[in-house]
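Colleague: If you scroll down you'll find the structure; I have some questions about it.
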């Protein structure tokens, strides 16, 4: 699908066009979402450039992601999408900057694209030309990354409180799926996966903005250069924050696993104490259960009560000893 955004009379006009149709007058942004080969050829013919294929967009070397052909600058970076779901991912998105229009090629729908689309309808000047469209869209992408990292930080704070308050309120659960620590580990795993994908996206954006700064050096307007520097600074700060969150994920995972091990050790300790408590009575019962003919207590009237009392006393004694030592 091809969606065109045209800046006409101070307003943004949004329209979808079919393959082979000309771009509307004043088009500053052509967005290709899961384009067919016919739609790609249509844009290539209009702008006189060759769009990268989906396979080429997946390549990881900088020379395939970031390059310049004539007046067109090709920028490809992995962007985070479905960050609010349990199955976040990254998708390669190509930004093609030409003097007349910006073209984006994507095969998923990062939320930042919809955010920027809504924003320029209210503030058309943010998409008055191709340069403004590119920088505005990149700023929307960075803003979205900041929101995602902030949410991850909040989630990890909640997990941290759960993990470190668990010993005071924790108890053995009837079912494993009721254990808060298990849910905490799942939450840490989800946050870790999201942080990892966000870091991958930020790394790609760092390279993209660096290449864009070099490619436009000396030809970009002063305000555009300032916006590029601000973008680079924001991405760098977000990368540092993502690194901090990654370390926090590792710390909380170690802490949660440690708490689980402590809980399991407590359970094992209970069984060990129970086995120790019942060991002396078992020994006494084994002695009096031996089938020898000459056992003095066999003919004793009080032999049975004596053995029962002796077994109870031998069970209580180690229990009181463990209690006194603080092992229970």
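No value in this document is a laboratory result; all are computed from the given coordinates. What you are looking at is a predicted structure, and each value in this text was computed from that prediction instead of being measured. Cβ coordinates were reconstructed from backbone atoms using ideal geometry, including for glycine residues, and neighbour counts include every protein chain displayed.
Colleague: Compute the FRET efficiency between residue 8 and residue 123 as 1/(1 + (r/R0)^6), taking r as their Cβ-Cβ distance and R0 = 22 Å, and round to the nearest 0.05. Please list the in-between numbers first.
Modeller: Numbers: r = 15 Å, r/R0 = 0.70.
The value I calculate is 0.90.
Colleague: Hey, another quick one. Using the eigenvalues of the Cα gyration tensor, what equivalent ellipsoid semi-axes result for the stretch 41-187 when each is taken as the square root of five times the eigenvalue, whole Å, largest first?
Modeller: On the way: eigenvalues 370, 64, 27 Å².
For the stretch 41-187, the ellipsoid semi-axes come out as 43, 18, 12 Å.
Colleague: Follow-up question, since we're still on this one. Given R₀ = 51 Å, what would the calculated FRET efficiency be for residue 274 paired with residue 294, taking r from the Cβ atoms and rounding to 0.05?
Modeller: Given R0 = 51 Å and the Cβ-Cβ separation, E is 0.90.
Colleague: Express in nm, to one decimal, how much length is gained between residue 265 and residue 306 on full extension, taking 0.36 nm for each residue of separation and deducting their alpha carbon distance.
Modeller: Value of the extension gain: 11.1 nm.
Colleague: Relative to the compact globular guide of 2.2 N^0.38 Å, what is the alpha carbon radius of gyration of the stretch 245-294, as a ratio?
Modeller: Details: Rg = 21.9 Å, N = 50, 2.2 N^0.38 = 9.7 Å.
Normalised Rg, Cα atoms only: 2.25.
Colleague: Ignoring solvent entirely, what values of log10 I(q)/I(0) come out of the Debye formula for the stretch 265-325 at 0.21, 0.25, 0.28, 0.29 Å⁻¹ when each Cα is a single scatterer?
Modeller: With one equal scatterer per Cα and no solvent, log10 I(q)/I(0) is -0.83, -1.01, -1.14, -1.18.
Colleague: Mind ranking 106-112, 304-310 by how tightly packed they are, going by the mean number of other C-beta atoms within 10 angstrom, highest first?
Modeller: Values: 106-112: 18.1, 304-310: 13.1.
Peptide ranking by packing, descending: 106-112, 304-310.
Colleague: Mean shadow of the stretch 2-264, computed from the convex hull of its alpha carbons, in nm²? It would help to have the intermediate numbers written out before the result.
Modeller: On the way: hull surface 64.9 nm².
If I average the Cα hull's projected area over directions, I get 16.2 nm².
Colleague: So, R0 is 22 Å and r is the distance between the beta-carbons of residue 1 and residue 85; what FRET efficiency does that work out to, to 0.05? The partial results should precede the final answer.
Modeller: Values: r = 22 Å, r/R0 = 1.01.
That pair, residue 1 with residue 85, gives E of 0.50.
Colleague: Same structure, new question: Can you give the percent of C-alpha pairs in the stretch 185-328 whose distance is more than 28 Å?
Modeller: Values: 6203 of 10296 pairs.
Result: 60 percent of Cα pairs exceed 28 Å.
Colleague: Let me ask you something else. Mind putting together the pair-distance distribution for the stretch 1-83? All Cα pairs, 5 Å bins, whole percent per bin, short to long.
Modeller: Taking every Cα pair in the stretch 1-83, the percentages come to 3, 13, 20, 22, 20, 14, 6, 1, 0.
Colleague: Then there is this: Quick one: Cα convex hull volume of the stretch 45-94, Å³ per residue? Write down the numbers at each step before the final one.
Modeller: Details: hull volume 4.7 nm³, N = 50.
Normalising the Cα hull of the stretch 45-94 by residue number yields 93 Å³.
Colleague: Which percentage, to the nearest 5, of the DSSP beta bridges contained in the stretch 2-264 is antiparallel?
Modeller: Numbers: 29 of 34 bridges.
Expressed as a percentage, antiparallel bridges in the stretch 2-264 total about 85.
Colleague: Which part of the stretch 275-299 falls in the paramagnetic zone of residue 321, meaning amide N under 13 Å from the point 7 Å along Cα-to-beta-carbon?
Modeller: 276-281
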